[in-house]
Amino acid sequence: MKNTFSKVILTLLGLLLLLPGCASRNKLDSFLREEVNLAYVKSVGVLPFENNTSDPYAAKRCREILMTEVMASGLFEVVEKGVVDSALRTEAVDAGAAIDAVTLRRLGQRLGVEAFIMGSMDSIGESRSGNYSYTELTMSIRLVDSEKSLVLWQASGRGSGYSIWDRLFGLGSRDSFQITLELIRSLLRSMGERPA
């Protein structure tokens, strides 16, 4: 009887250890244009993100984190944010507003970039499971050719601060910065390896 009970306990503990590996905190979907080789994209401008949330700073934080991650990963050279914003003001484009193909081409020529990264912060909020609360957010990011206004890559995802371990042991969930950073890394990984 003791031997059977021990086996059940060990099996349950083993399943509990595997549980976090089976459930991803981030859910994402991505598109990569097959007929285009991204190797031609050497430098990008990161445009201000659309903010579809009630947090007035969510899109600005997301843009900053994305710029850091693109540079840290070595994906592309990134034009300084102030230079991009200055070019947008020169073209009379409001931050986060839609940009037509002609304006995008002029911006690309002015900044000397092959593509732009743009996106939107779609939602951010607190969710509850019993007495455990955690942050959830969704965002979309895309890489657009500056000359043809062609979407080369796009990814959308949801990040969650939910953790079974934090809940079981009464720990606080991860904050919105940590979730945003992890989600952006996951979205950028979906772009795949760039050919040399």
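The values are calculated or read from the model by the stated rules, or taken from the named source; none is laboratory data. Everything numeric here is computed off the predicted structure, so don't read it as measured data. Cβ atoms come from the backbone with ideal geometry, glycine included; neighbour counts cover every protein chain shown. Ligands, DNA and RNA are stripped out before the accessible areas are found, and what is left, the full protein with its side chains, is counted by its heavy atoms. Shrake-Rupley method; radii C 1.70, N 1.55, O 1.52, S 1.80 Å.
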Of the residues in the range 50-84, those that are closer than 19 Å to Arg189 by Cβ and assigned to a loop (DSSP other than H, G, I, E, B) come to Gly74, Leu75, Phe76
Being more than 27 Å from Leu104 (Cβ to Cβ), open to solvent by 30 Å² or more (accessible area, probe 1.4 Å), modelled with pLDDT of 60 or more and more than 10 Å from the chain's Cα centre (by Cα) narrows Phe169, Phe177 down to just Phe177
Taking the criterion of being surrounded by 18 or more Cβ atoms within 10 Å (Cβ to Cβ), among the small types (Gly, Ala, Ser) and either touching a residue at least 12 places away in the same chain (Cβ under 8 Å) or touching a Cys at 6+ places or on another chain (Cβ under 9 Å) (or both), would at least one residue in the range 49-68 satisfy it? yes
For Ser160, which of the numbered conditions (1) modelled with pLDDT under 60; (2) within 14 Å of the chain's Cα centre (by Cα) fails to hold? (1)
Residue list for the range 88-134, restricted to those being of a type outside the set (A, V, I, L, M, F, W, C), assigned to a loop (DSSP other than H, G, I, E, B), open to solvent by 80 Å² or more (accessible area, probe 1.4 Å) and at pLDDT 75 or above: Asp94, Asp100
